[in-house]
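Here is the structure we will look at, set down as structure tokens.
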Amino acid sequence: MAGATTADRGERDEAEVSESGPPPLRGPRVPSLRALIVTGVLLVAIGAGGVWLLYGSHWLRVERVTASGTDVLTPAQVREAAAAPIGAPLISLDTDAVEDRVRRKLPRVDSVDVERSWPHGVTLKVTERKPVLIVEEARNAGKFVEVDRKGVRFATVDHAPKGVPRLELTPDQSGAAASLRRFGPGRLVREAVRVARRLPAEVARDTRTVRVRSYDDISLELSGERVVVWGSAEKGETKARVLTALMKAAPKARHFDVSVPTAPASSRS
């Protein structure tokens, strides 16, 4: 009798597979309790080591403080005002507190960026206030107060900075006292600053005095005994353009009025 053919053996194998079913699927291996404990211990050790490195070791501590961006101030003055705690962990440095100390102790500082410079440094990037006007102190002759572009009076100096116009408030003039009561000296100073910031570059270089009689009566005294009636600080850009054109059209004029920029005027007297 002939043996089983290849077809018969295939049918028999398929029958055995169908009867026994497919091989069971193997799921992911569940880590043992010992492996979990070892992993947990390692993570705790790494975390503790990191905390010790940042707070407990001597490797990441404040060792030096550098300052940049100073002009009138010195880097030493900024470092002293910052009072960064030498030897303290760099990670625990309160940068906001350092910034507050610098700005409080040095009014000339407009802004300061405090940055950690790993692994041992603190960097202070300072921006100083720049005067756009100066005010001579009435009670202290020869002393001048510097006023920045925001109207902040930030420093008293012995000598007037070169090229910075003087600000004069004249409340004894008609209408000025009422204007001072209504707006206050601080507001009038800010209005004068607005005018100074809008001046054309050539006019700004020649401006010697910004005189404020009232909110809407601001004038400029230029070199060569020239006077510009500016009016209020409103429409400053338009007035600047009109003044530039007026000066080109009348180069020998000594009196310019742009208080109403749609109807400017100039004269030699």
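Nothing in this text is a laboratory measurement; each read-out follows from the coordinates by a stated rule. On a predicted model such as this, the values are computed, not experimentally measured, just so you know. Counting neighbours? That spans all protein chains shown, and the Cβs are built from the backbone with ideal geometry, glycine included.
For the reader, a short list of remarks on this structure follows.
- Taking amide H positions as modeled 1.01 Å from N, with prolines and chain starts lacking one, the residues under 5 Å from residue 222 and 5 or more places away or on another chain are 208, 227, 228.
- Environment charge of residue 259, counting only residues whose C-beta is closer than 11 Å and scoring Lys/Arg +1, Asp/Glu -1: -2
- In order along the stretch 240-253, the phi-based Karplus estimate (6.51 cos²θ - 1.76 cosθ + 1.60, θ = phi - 60°) of 3J(HN,Hα) comes to 5, 5, 5, 5, 4, 5, 5, 5, 5, 6, 10, x, 9, 5 Hz; Gly and Pro are listed as x.
- Here's how it looks for residue 130: its modeled amide H is under 5 Å from those of 149, which are all 5 or more places away or on a different chain.
- Ranked list, fewest to most other Cβ atoms within 10 Å of each Cβ, for 162, 130: 162, 130
- Placed amide H near residue 167: partners under 5 Å, 5+ positions off or other chain: 134, 135, 136, 210
- Averaging Cα coordinates gives a centre for the stretch 75-96 and one for the stretch 229-269; these two points are 51 Å apart.
- Chain lengthening between residue 197 and residue 141 when straightened (0.36 nm per residue, less Cα-Cα): 17.5 nm
- Couplings 3J(HN,Hα) for the stretch 77-91, derived from phi with the Karplus relation 6.51 cos²θ - 1.76 cosθ + 1.60 (θ = phi - 60°), are 5, 5, 4, 5, 5, 5, 6, 5, x, 5, x, 7, x, 4, 5 Hz, where x marks Gly and Pro.
- Cα gyration tensor shape for the stretch 123-269, rounded if a/c is under 1.5, else prolate or oblate: prolate
- Each of 118, 230 has some number of other Cβ atoms within 10 Å of its Cβ, and from fewest to most they run 118, 230.
- Estimated FRET transfer efficiency (residue 83, residue 223; beta-carbon r; R0 35 Å; 0.05): 0.15
- Length gained on full extension, residue 120 to residue 71, computed as 0.36 nm times the residue gap minus the Cα-Cα distance: 15.1 nm.
- Computed label-point distance, nm, for sites residue 32 and residue 157 using a 7 Å Cα→Cβ extension: 7.9 nm
- Taking a ≥ b ≥ c as the square roots of the eigenvalues of the alpha carbon gyration tensor, the stretch 64-128 is prolate, as a/c is not under 1.5 and a/b beats b/c.
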